[in-house]
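Bear in mind that the values in this text are calculations on the coordinates, not laboratory data. These numbers come from a predicted model, not from an experiment. Ideal geometry is used to build each Cβ from the backbone, glycine not excepted, and the neighbour counts take in all protein chains shown.
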Amino acid sequence: MSGRNSGLATYNSVSVHGGVASADPHRLVQMLLDAATERMLTARGCIERGEIVRKAKLLHSCVILVAELRGTLNMAEGGSLAQNLSALYEYITRQLLLANLNNDTARITEVLGLLGNIRSAWVEIGPQVRQSSQHVQPL
């Protein structure tokens, strides 16, 4: 069984890395959102099962992913939308840290809802973003 799990892990790693290599910037952000969501769901389950060490690692990973999302914001050109998202990502980070400290599934659930709303909006604008990027002429 160990060999099977190792093979599955290798397949998943290759699949993710291949997806990242071929993804456009819009898709990369979506992948970050999906990865954070997946880890939060798993961490919430870890709290319920008492797997505290694994929960801590997963939530730490979520904090890093949210920092990456925050780092993708164009603060110079994004105006109030970028500022609002930055503040929301900061809030999400605080909630994740508190959830980790207090084993608080309610905070994780709240953050999952917030990220779900962001992801839904992000997916909705995908076709527009891809269409407008096709019209950009290379220098």
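Rounded if a/c is under 1.5, else prolate if a/b beats b/c, else oblate: with a ≥ b ≥ c from the C-alpha gyration tensor eigenvalues square-rooted, which is the stretch 25-124? Because a/c hits 1.5 or more and a/b exceeds b/c, the stretch 25-124 counts as prolate.
In a reduced charge model with +1 at each Lys and Arg Cβ and -1 at each Asp and Glu Cβ, the stretch 25-124 shows a dipole moment near 300 debye about its Cα centre. By the scheme Lys and Arg +1, Asp and Glu -1, what is the net charge of all other residues having a beta-carbon under 12 Å from that of Leu58? Summing Lys and Arg as +1 and Asp and Glu as -1 gives +3.
With 0.36 nm allotted per residue and the present C-alpha distance subtracted, the Asn84-Arg49 stretch has 9.1 nm of extension available.
Considering only alpha-carbon pairs that sit under 8 angstrom and 6 or more positions apart, the relative contact order computed for the stretch 25-124 is 31 percent.
The stretch between Val123 and His60 holds 20.1 nm of extra length on full extension. This uses 0.36 nm per residue minus the Cα-Cα distance.
Ranking of Cys62, Cys46 by neighbouring Cβ atoms within 10 Å, starting from the fewest: Cys46, Cys62.
Can you put Ile118, Ile92 in order, fewest other beta carbons within 10 Å first? Lowest count first: Ile118, Ile92.
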